[in-house]
Amino acid sequence: MGRVSPLPPPGPLRTLAYATLVNTVGAGLWLAGGALYLTRDVGLSATSVGAGLTVAGLVGLSASVPLGALADRWDPRTLRAVLQVGQAVAALAYLLVNSFPAFLAVAVPEALLAAGNLAVRAALVAAVGGPDGRVHAFATLRAVANLGITAGTALAGIALAVDTHRAYQVLIVGNAATYLLSAALLLRLPPQPVAAGERRMPGTPRRGRPLRDWRFLAVSGVSAVLSTHVTVLVLVVPLWTVDRAGAPPPVVSAVLLANTVLTVLLAVRLSRGAERAAPAARKLRRAGLVLAAATPLYAATAALPVLPAVILLLVATAVWTVGDLWHGTAGAGLAYDLAPPGAIGAYQGADGLLAGLAQALGRGLLTLLVLGGGPVGWLVLGGILAAAGLAAPALAGRAIANRRAPETRPAGVPA
């Protein structure tokens, strides 16, 4: 494959990478074409589609912790394959949508399956990678996912160019087929053993109850604030590029392509040193500061001529991507290492729940802050990101101390 290939050497992680690649090709198909299918072919209004997806997304988050906890008790490989078969059925059900109620009836179950699948996926990555390789595996799969989504988006362009009912049907069937193929690839993995839960020590939450572990939730909360960089890049930056920086619309594609290329090239390299909570917290602080450093660069593009503004947009996006990648691996490292041994899936579900809520709320708030506030809004956003990053090490230190407290009892004192 060569040194630049994001695919890992032969083994379970490569099989998981192939399953991820296939699955994210389908995700790219639907991300690029789903909204247009629902508006142009089904006939729903853009407002109805946006409202329906928002409602479905928020309801779907409720599945994160329960299905993550199920992955702690059942082989996550098999569970994820079953969920992807369910997602294939939900994807095909969009062929039957002909009204807003029918749209909701499909979108809500699909969102429940998708949110739960993310938590199960995280548990599967932990099982395949092991304690010392799970963050590396996470970063590898993220690079592969970027390739898959890019390929799927490009393929969707064919259906969008044809813009017929049959073309949209092919797009939907193609998306469903990727779920089934990905599930078949997952079943080629060896069964993953379920981690045995250790005896609960005083002061630690019961297995599968991460929503009562306030120390973990505090760390996950600051990580969730930083996770809004996704919303900024895919929603705020494109609108800012055209409306405030005055760049032509094709520049938006160039900015997003720069992020994709850098992610593929750097995701694995920048993942090093985040396997344990303490160094991961320091990397999370670094991520917050780097993301904050990019905000004045974006802000400055509003006062520049078009060509310098485009160059600065690309530079800012490169800086933003480094912070984005550091956050991704640091957040994963913290969520993995702070979880009790028998509750990896449940804790990943809680982490995903907070990130999902932050991103759902961030769509409106960040658009209002940056596009409404202009350059000052960017600087305020930078301050929020820096503050979240700076808070991470202290909050993680408390969570680490809570985990280690039972291990430091004097000899002879019962646990």
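The values are calculated or read from the model by the stated rules, or taken from the named source; none is laboratory data. Note that the structure is predicted; figures quoted are calculated from it, not measured. Methodologically, a virtual Cβ is constructed for each residue, glycine included, from the backbone with ideal geometry; neighbour enumeration extends over all protein chains shown. Heads up: the accessible areas ignore ligands, DNA and RNA and are worked out on the full protein's heavy atoms, side chains in. Shrake-Rupley method; radii C 1.70, N 1.55, O 1.52, S 1.80 Å.
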Its Cα gyration tensor gives segment 272-313 an equivalent ellipsoid whose semi-axes in whole Å, largest first, are 33, 9, 4
Where nothing but the Cβ of Lys and Arg (+1) and of Asp and Glu (-1) is charged, how large is the charge dipole of the chain around its Cα centre, in debye to the nearest 20?
1200
Run through all the Cα pairs of segment 1-158 and give the fraction in each 10 Å bin from 0, expressed as whole percent.
11, 34, 34, 17, 4, 0
Carbon plus sulfur fraction of accessible area for the chain, probe 1.4 Å, in percent
69
From DSSP H assignment alone, runs of 4+ in the chain each adding -39500 (n - 2.57), the sum over residues rounded to the nearest 500 puts [θ] at 222 nm at -24500 deg cm²/dmol
Relative to the present Cα-Cα distance, how much length would full extension add between S62 and H165 at 0.36 nm per residue of separation?
33.7 nm
On a C-alpha basis, how far is the centre of segment 1-57 from the centre of segment 131-198 in Å? Whole number, if you could?
7
Sorted by accessible surface (1.4 Å probe, heavy atoms of the protein chains only), largest first, F100, F216, F138 come out as F100, F138, F216
Would you kindly derive the ³J(HN,Hα) couplings of segment 48-53 from the backbone phi angles with the Karplus curve 6.51 cos²θ - 1.76 cosθ + 1.60 (θ = phi - 60°), listing them in order in whole Hz, with x for Gly and Pro?
5, 5, x, 5, x, 5
By accessible area (1.4 Å), largest first, W74, W214, W326 order as W214, W74, W326
